[in-house]
Amino acid sequence: MDDVSRGLFEQNGLLLLNIGILGPHYMTQLITRGISKVLSKSGKSLPNEIWTMILKFAHEGMSDKWYEGTNNDFCFVKAELVSASPENMLIRCFRHAFDSPTDELVDDVLVDEGSVYGFERYLASTTPSTAKTLDIELPELQLLSGPDTTFDIILDTTSTAPYLYASLSVPDIIATINHGNCWVCREERFICPGCTGGIAQQFDVFMGCGVGLSCPLCMGTNFSQRHKSFLESNYWSKAPEDEAEDMLYVIEDRLAELGYAGVTVQDEAWKGRE
Ligand SMILES: [Zn+2]
Ligand SMILES: [Zn+2]
């Protein structure tokens, strides 16, 4: 997934909004812009040094990378451009949710390669015409109403917006909204592709036993298939050391990007068969 400041988002696409850090970001924007006349109910404004203290406090646990911060709370939104000037644009985000829980969606719908790609196509364009082209039965996507369902965001040309993300993939959804829960690898992030009882075949990552293959669901189907090519070509003889090390870095980067930096990469994932 990419944060929205680095590119445009599709009108009908679904975005991920990290509302866990949105408040402090928004406050900072208002205050650094000097347009904050945030008054108490009795009409008093706070001196700037108090604001600085409040913001410092609010920023603890925040990071430019979502997975390094501590206040993560993601939801689906659709965004609408409200106004734009050369310096900034105002985007209004409307909270959406599928009418069945995300874990049920992941467990029941995302069962093979085709359903993963189908769901990702829908994330990119949630129109009825896209839905019609899918072979999968998706729960309905609904616009939510009530408190905390509409969020205004100011994006400017100089700072990034590490709380609003577009170009979503299934691994992004699992890592954020589904809290890392994955029915394929049971949160291990790796599988033995020869021992899954048919699951590996559904994602076209079936191969010999004794290797540690990146999970085709939570690490990405494409990523897993490329990893499989590496493991297959080095199955009967060991991979050259530098190639193996490159593979290790690629896997570590992928784990970090998805917020799984704490997971250790087993030797069988990069050195080859045990
Ligand atoms: Zn998994
Ligand atoms: Zn095995």
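Between Asp242 and Ser85, full extension at 0.36 nm per residue minus the direct alpha carbon distance yields a gain of 51.6 nm. Sparsely packed loop sites in the range 217-274 (the chymotrypsin sites (Phe, Trp or Tyr not before Pro) outside DSSP H, G, I, E and B with at most 10 other Cβ atoms within 10 Å) comprise Trp236.
Using the Cβ of Glu257 as centre and a radius below 13 Å, the other residues enclosed give a net charge of -3, where K and R count +1 and D and E count -1. Here's the picture: charge each Lys and Arg Cβ at +1 and each Asp and Glu Cβ at -1 in the range 92-139, and of Thr127, Phe98, Gly114 the one pushed furthest to the positive end of that dipole is Thr127. With neighbour counts taken as other beta-carbon atoms within 10 Å, the residues Met207, Met1, Met219 rank, fewest first, as Met207, Met1, Met219. As a calculated quantity, the FRET efficiency between Met207 and His179 at R0 = 45 Å, using C-beta atoms, amounts to about 0.95. Packing order of peptides 212-218, 109-115, highest average first: 212-218, 109-115 (average count of other Cβ atoms within 10 Å over each peptide's residues).
Of the peptides 149-155, 126-132, 14-20, the ranking by mean beta-carbon count within 10 Å, highest at the top, reads 14-20, 149-155, 126-132.
Every read-out reported here was derived from the displayed coordinates using simple, explicitly stated rules and does not represent laboratory data. This is a predicted model, so every value here is computed, not measured. Counting neighbours? That spans all protein chains shown, and the Cβs are built from the backbone with ideal geometry, glycine included.
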